[in-house]
Amino acid sequence: DEKGLFYALDLGGTNFRVLRVHLGGKESRVVKQEFEEVSIPAHLMTGSSDELFDYIASALAKFVAMESDSQHVSPGRQRELGFTFSFPVGQDVVGELTKAIERAGLDMRVAALVNDTVGTLAGGRYNNPDVAAAVILGTGTNAAYVEHAHAIPKWHGLLPKSGEMVINMEWGNFRSSHLPLTEYDQALDAGSLNPGEQIFEKMISGMYLGEIVRRVLCKMAEEAAIFGDTVPPKLKIPFILRTPHTSAMHHDTSPDLKVVATKLKDILEISNTSLKLRKLIVEVCDIVATRGARLSAAGIVGILKKLGRDTVKDGEKQKSVVALDGGLYEHYTKFRTCMENTLWELLGEEASENIAVEHSMDGSGIGAALLAASHSQYIEVEEP
């Protein structure tokens with residue numbers, strides 16, 4: 001039912017986007033949306049939070065100044081913003097942003113703070129009531145789903161009218177003796193900034209797949225001299241091999257694996273490799289990506305199982321849609337294909353017919369604007 005103009009601020013890793021969404025209620029839904037992508041200068045990433053938030057607020061103010069005559073809030077109404085922020089930090093980010101917005105001379109209220117997974121779930125659900133869960137597979141990974149409120153033992157307050165509640169799983173932090181951890185995973189974890197944490201994420205997300213490949217190749221260079229008598233010095237540098245590099249090598253379809261040769265030369269300064277060796281490297285990329293993709297599918301099946309949607313009940317035709325977003329899912333085709341195939345394999349043919357996976361393009365920004373709209377201070381005020 002929400003109507004009016006709402007803003008969203010979606011803060012990613014090295015950039016953020018500001019969105020303006022015009023909602024037209026039940027009939028016309030999203031009438032219009034506009035957005036702008038802004039990159040964050042490197043020095044602000046390490047400076048004070050005041051400087052960072054001032055930079056964001058000034059970009060927001062510039063974006064607001066570009067409202068057209070038809071696209072503005074009703075007179076006397078304060079603009080409202082949904083804020084997507086997905087990092088654990090030791091301060092109140094809404095308080096920081098609010099102060100920066102005031103310093104920028106902008107009259108705007110932060111109506112909702114959302115993480116990207118919950119934002120994607122809200123955006124997906126708005127467009128399709130069958131959306132039951134949202135999963136982010138990008139630099140990091142997380143999932144959120146809609147749970148029956150009575151199934152939440154931790155909850156002691158009044159149950160929501162809908163009888164449902166969103167669970168933000170933070171599944172990247174999942175660890176279990178059943179996870180197939182290798183010596184490479186253990187070494188990566190031990191050398192990370194957060195040892196013992198985010199174990200599932202370290203096996204499946206874009207931040208780490210390239211690094212796992214590098215560690216495997218390094219071991220092969222040390223123990224099997226695959227690159228000759230000495231280990232290439234660049235190969236010893238943590239995180240020098242990024243997931244987009246391994247993805248490009250994995251997708252190399254040229255008969256002589258030219259892309260693999262180029263990447264090895266440009267990134268690791270390894271030249272004169274044989275075709276046999278290049279094929280071996282593609283195989284390592286494949287093994288690491290396949291494991292990550294299959295584990296992510298297992299996680300999704302876990303959610304469907306918890307909701308009782310992994311099997312077909314007599315005569316029931318309830319559709320369940322999983323909204324997916326994130327660069328890994330979007331750009332790493334072999335990862336995505338393997339993840340989806342594993343999903344169908346685990347669910348079986350019959351159950352698969354009722355399950356769909358949908359790419360929710362930048363759903364978290366739209367979702368944040370929608371959540372700001374549903375938590376608007378003017379929600380009781382009837383539109384004229």
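Observations on the structure shown:
- Qualifying residue in region 41-62 (condition: assigned to a strand (DSSP E or B) and surrounded by 14 or more Cβ atoms within 10 Å (Cβ to Cβ)): no
- Where a residue in region 260-275 is on the phi > 0 side of the Ramachandran plot and its partner, wherever it lies, is in a helix (DSSP H, G or I), with Cβ under 6 Å and at least six apart: E269/K234
- Counted residues, region 139-194 - those being open to solvent by less than 40 Å² (accessible area, probe 1.4 Å) and either among the aromatic types (F, W, Y) or outside the structural domain of S320 (by the TED database) (or both): 2
Each row is one residue, and each column tells you yes or no for (1) within 18 Å of G191 (Cβ to Cβ); (2) in contact with a Leu (Cβ under 9 Å, 6 or more places away or on another chain); (3) in a loop (DSSP other than H, G, I, E, B).
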| site | (1), (2), (3) |
| --- | --- |
| C218 | yes, yes, no |
| I226 | no, yes, yes |
| V231 | yes, no, yes |
| P238 | yes, yes, yes |
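- G105, sole failed condition from (1) open to solvent by 20 Å² or more (accessible area, probe 1.4 Å); (2) more than 23 Å from Q33 (Cα to Cα); (3) assigned by the TED database to the domain that holds K306: (3)
The values are calculated or read from the model by the stated rules, or taken from the named source; none is laboratory data. All values derive from a computational prediction rather than experimental measurement. Heads up, the Cβs are rebuilt from the backbone with ideal geometry, glycines too, and the neighbour counts pull from every protein chain shown. Areas reflect the complete protein model, heavy atoms only, side chains present, ligands, DNA and RNA absent. Shrake-Rupley method; radii C 1.70, N 1.55, O 1.52, S 1.80 Å.
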